[in-house]
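To keep things clear, I will list the structure first and then write my remarks on it.
The values are calculated or read from the model by the stated rules, or taken from the named source; none is laboratory data. Given the structure is predicted, the values throughout are model-derived calculations rather than measurements. Quick reminder, even Gly has a Cβ in these numbers, built from the backbone with ideal geometry, and neighbours come from all protein chains shown. Surface accessibility is based on the protein's heavy atoms, side chains included, excluding ligands, DNA and RNA. Shrake-Rupley method; radii C 1.70, N 1.55, O 1.52, S 1.80 Å.
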Amino acid sequence: RAEELSGRPLPARLMQRLEKAAGNDPEANRNAVRAVGIEIATEIGQRLIDEGAPGLHFITLNFAKATTEVLTNLGYTVTATPVSA
């Protein structure tokens with residue numbers, strides 16, 4: 001989905017990690033692909049923090065739980081804030 005939204009291909013080394021996790025059946029290995037995606041996002045987030053980024057912005061595409069896992073991996077405490085309609 002990232003490729004579609006950005007109009008740019010993912011770097012080959014990231015695609016290789018995701019494809020390895022997907023194996024012969026990406027649908028059957030969704031949890032492994034998700035775990036690798038969280039690892040990659042954590043690595044990118046950590047690099048940005050290490051290099052002095054003033055903050056991180058996540059586009060969750062309705063996968064807020066994965067974002068929470070990335071933030072937890074980065075050492076942040078995440079609490080839910082109700083959104084009023």
Residue with peak Gaussian network fluctuation, the chain [Cα springs, cutoff 10 Å], from Thr68, Thr42, Thr60: Thr60
Kirkwood Rh in Å, taken over all unlike Cα pairs in the chain: 14.5 Å
1/(1 + (r/R0)^6) with r = Cβ-Cβ of Thr72 and Asn24, R0 = 41 Å, i.e. FRET efficiency to nearest 0.05, evaluates to 0.85
Can you give the angle from 0 to 90° between the axis of helix 12-22 and the longest principal axis of the chain, with both taken from C-alpha atoms, to the nearest 10? 80 degrees
Solvent-accessible surface ranking, highest first, for Glu4, Glu19 at 1.4 angstrom: Glu4, Glu19
What whole-number value in Å² describes the accessible area per residue of segment 5-57 for a 1.4 Å probe? 77 Å²
Using a probe of 1.4 angstrom, how much of the accessible area of the chain is carbon and sulfur, in percent? 55 percent
